[in-house]
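The values are calculated or read from the model by the stated rules, or taken from the named source; none is laboratory data. Predicted, not measured: the structure shown is a model, and the values here were computed from it. As a convention, Cβ positions derive from the backbone with ideal geometry for all residues, glycine included, and neighbour counts pool all protein chains shown.
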Amino acid sequence: MDCDSSVGIDLHLHSTASDGTLTPSDILRLAQEKKLKAIAITDHDTVEGSKEAQRLGIPPFIKFLTGVEISASPPPSANCSGSFHILGYGIRPDEPKLNKTLGVLQTARKNRNPIIIKRLNGLGFIFSLADVINEVGAGQISRPHIAQYMVKRKFVSSIDEAFNRYLAHGKPAYEEKYRIACEQAIEIIIGAGGLPVLAHPFLLNMKSDTELEKLIDVLKYMGIKGIEVYYPAHPPEKTFLYAELAKKYDLLMTGGTDFHGSLTPDIQMGTGKGDLLIPYSLYEKLVSRL
């Protein structure tokens, strides 16, 4: 197999099945244009993006991994304040327990939206959930879609402004969402034949590197199999740290751009902000463990 470390991959992509703006078909086409050797569609709390890509047929020159990104609660002992997500790779998309759990998470997301919109209405932004759906489609509506609609209506000048002023944690329209325990997320990914990976550790906002290592130790005991080492927001010194922790705890290294299409226009598939290269060898090692 091709082990050329200069060949790029992207194992963290979002489609219209969750909060991306490109369909699975668009993602496959763009991956071909960018000559990526391997990709994974990892939509939030759903495997529909992966299923659709498989139904369409994967182009012969692209290796494809089914994927998901599960919203989870960190272990009680973890001293972190940021987003805690578990990526699942190589899962069986039709596995019943996985889909039942994802269905619960999708319902929680759906029930959260009217509360957020009601709070925005109270702040003087008058619109309905139906208005958002009419604008962005009837997929899995979430905060980025609401932010996108707010930009369209000129309530705010950008998606970042929508989050920074209204939708982010601690802001006036924020509503906490239901998350499953990280141990449960790890368990259902493994039960579906997949490999659970800690997503974007830098975004956990850990208080220290020592605290992060303690978390990795706990997650390793729970069954985590990898760390997302390569990521656009990771400073070089943190990328090095995460690689060292992966080696120390015998964990796989993965990487991806967290591509969402036009919702994050500064992040491009395969290259992030233009300086990210994720070697194909990581994909090979991941597949060898499935």
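Residue-by-condition table, conditions (1) under 10 Å from ASP10 (Cβ atoms); (2) modelled with pLDDT under 95; (3) more than 15 Å from the chain's Cα centre (by Cα):
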site: ASP250; (1), (2), (3): no, no, yes
site: THR254; (1), (2), (3): no, no, no
site: PRO265; (1), (2), (3): no, yes, yes
site: SER288; (1), (2), (3): no, no, yes
ILE227 being within 22 Å of LEU65 (Cβ to Cβ) and without any contact (Cβ under 8 Å) to a residue 60 or more places away in the chain: yes
Which numbered condition SER25 fails, given (1) among the hydroxyl-bearing types (Ser, Thr, Tyr); (2) buried (at least 22 other Cβ atoms within 10 Å of the Cβ); (3) without any contact (Cβ under 8 Å) to a residue 60 or more places away in the chain: (2)
Index of the failed condition, PHE125 passing every other in (1) modelled with pLDDT of 90 or more; (2) within 22 Å of the chain's Cα centre (by Cα): (2)
Tabulated pairs, region 58-70, first of a type in the set (Phe, Trp, Tyr), second assigned to a loop (DSSP other than H, G, I, E, B) and surrounded by 16 or more Cβ atoms within 10 Å (Cβ to Cβ), C-beta under 9 angstrom, 6+ apart or interchain: PHE61/LYS37
Members of region 227-264 that are crowded, with 17+ Cβ neighbours inside 10 Å, within 19 Å of GLU211 (Cα to Cα) and touching a strand residue (DSSP E or B) at 6+ places or on another chain (Cβ under 8 Å): ILE227, GLU228, VAL229, THR239, TYR242, LEU245, ALA246, LEU251
Odd one out for ASP258, checked against (1) outside the structural domain of ALA17 (by TED's automatic domain parsing); (2) at pLDDT 95 or above; (3) of a type in the set (Asp, Glu): (1)
Region 165-184, residues that are of a type in the set (A, V, I, L, M) and in contact (Cβ under 8 Å) with a residue 24 or more places away in the chain: LEU167, ALA173, ILE180, ALA181
Count of region 11-25 residues which are part of a loop (DSSP other than H, G, I, E, B) and not β-branched (Val, Ile, Thr): 7
Search result, residues across region 72-97 that are touching a Phe, Trp or Tyr at 6+ places or on another chain (Cβ under 8 Å) and not aliphatic (A, V, I, L, M): SER73, PRO74
Meets criteria (closer than 18 Å to ASP19 by Cα, surrounded by 13 or more Cβ atoms within 10 Å (Cβ to Cβ), within 20 Å of the chain's Cα centre (by Cα) and in the same structural domain as GLY270 (by TED's automatic domain parsing)) for ILE141: no
Filtered residues of region 191-221 (kept if farther than 21 Å from LEU241 by Cβ and surrounded by fewer than 17 Cβ atoms within 10 Å (Cβ to Cβ)): GLY191, GLY193
Residue match in region 151-164 (condition: part of a helix (DSSP H, G or I), in contact (Cβ under 8 Å) with a residue 24 or more places away in the chain and crowded, with 16+ Cβ neighbours inside 10 Å): yes
Hey, LYS247 in the same structural domain as GLY88 (by TED's automatic domain parsing), in contact (Cβ under 8 Å) with a residue 12 or more places away in the chain and among the basic types (Lys, Arg) or not: no
